[in-house]
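The values are calculated or read from the model by the stated rules, or taken from the named source; none is laboratory data. Everything numeric here is computed off the predicted structure, so don't read it as measured data. Cβ: placed from backbone, ideal geometry, glycine included. Neighbour counts: every protein chain shown.
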Amino acid sequence: MTPALDLLKKHRAEHRVHSYEHDPKSASYGLEAAEKLGLDPQQVFKTLLASSEKGELLVAVVPVVGTLDLKALAHAAGVKKCEMADPAVAQRATGYLVGGISPLGQKKRLRTFIDDSAQQFATIHVSAGRRGLEVELAAAVLAEHTQGKFAGIGRG
């Protein structure tokens, strides 16, 4: 069990857990999940951490088939600019390892932004807090349990 799954169970949030055998040589954790679980990559989202010019960490949830638009994230967060957070800082702040960072159940509550493309699907998949473990849930459920805001932060 991971903190992400504990949080969903505690709140009786509707979700499904999917696991697969993670290959440490995989180039992309998210694309690996989509491939091994037979999922539409558009519905699989990765969790990235960015840092504002003031050092505030922000969580960005974007499709694995795209990239994070740092300018759009900065605009959505009301800050001047953002850059990708140092992986070691991201791991310390969330309590998860890179490749298994979940937007749910993080050690510290960080402002979270979810790409608005997530709203077009009945369910999406995000990391459940460990490499090889994904959780399927409605985008609205993810937003509710992260206090996330939807914004156009992804680039196709």
Out of curiosity, is residue 48 surrounded by 20 or more Cβ atoms within 10 Å (Cβ to Cβ) and over 12 Å from the mean Cα position of the chain (by Cα)? no
Got at least one residue in segment 117-129 being surrounded by fewer than 17 Cβ atoms within 10 Å (Cβ to Cβ), among the small types (Gly, Ala, Ser) and more than 24 Å from residue 12 (Cβ to Cβ)? no
Restricting to segment 51-62, count the residues that are part of a strand (DSSP E or B), surrounded by fewer than 24 Cβ atoms within 10 Å (Cβ to Cβ) and in contact with a Cys (Cβ under 9 Å, 6 or more places away or on another chain). 3
Taking the condition of being free of Cβ contacts under 8 Å to residues at least 40 places away in the same chain, assigned to a loop (DSSP other than H, G, I, E, B) and among the aliphatic types (A, V, I, L, M), how many residues in segment 63-78 meet it? 1
Those residues of segment 1-39 that are on the phi < 0 side of the Ramachandran plot, out of contact with any Asp or Glu (no Cβ under 9 Å at 6 or more places or on another chain) and at pLDDT 95 or above come to a total of 9
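Could you say whether any residue in segment 120-140 is assigned to a strand (DSSP E or B) and under 14 Å from residue 50 (Cα atoms)? Walk me through it before giving the result.
Step one: filter segment 120-140 for residues assigned to a strand (DSSP E or B), giving 124-130, 133-137.
Those left that are additionally under 14 Å from residue 50 (Cα atoms): none.
So far as segment 120-140 goes, no, none of its residues is assigned to a strand (DSSP E or B) and under 14 Å from residue 50 (Cα atoms).
Restricting attention to segment 83-119, which residues are among the polar types (S, T, N, Q), touching a Leu at 6+ places or on another chain (Cβ under 9 Å) and in a loop (DSSP other than H, G, I, E, B)?
Residues of segment 83-119 that are among the polar types (S, T, N, Q), as a first pass: 91, 94, 102, 106, 112, 117, 119.
Keeping just the survivors that are touching a Leu at 6+ places or on another chain (Cβ under 9 Å) gives 91, 94, 102, 112.
Matches in segment 83-119: 102 only.
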All conditions in (1) touching a Ser or Thr at 6+ places or on another chain (Cβ under 6 Å); (2) modelled with pLDDT of 95 or more; (3) among the basic types (Lys, Arg) are true of residue 80 except (1)
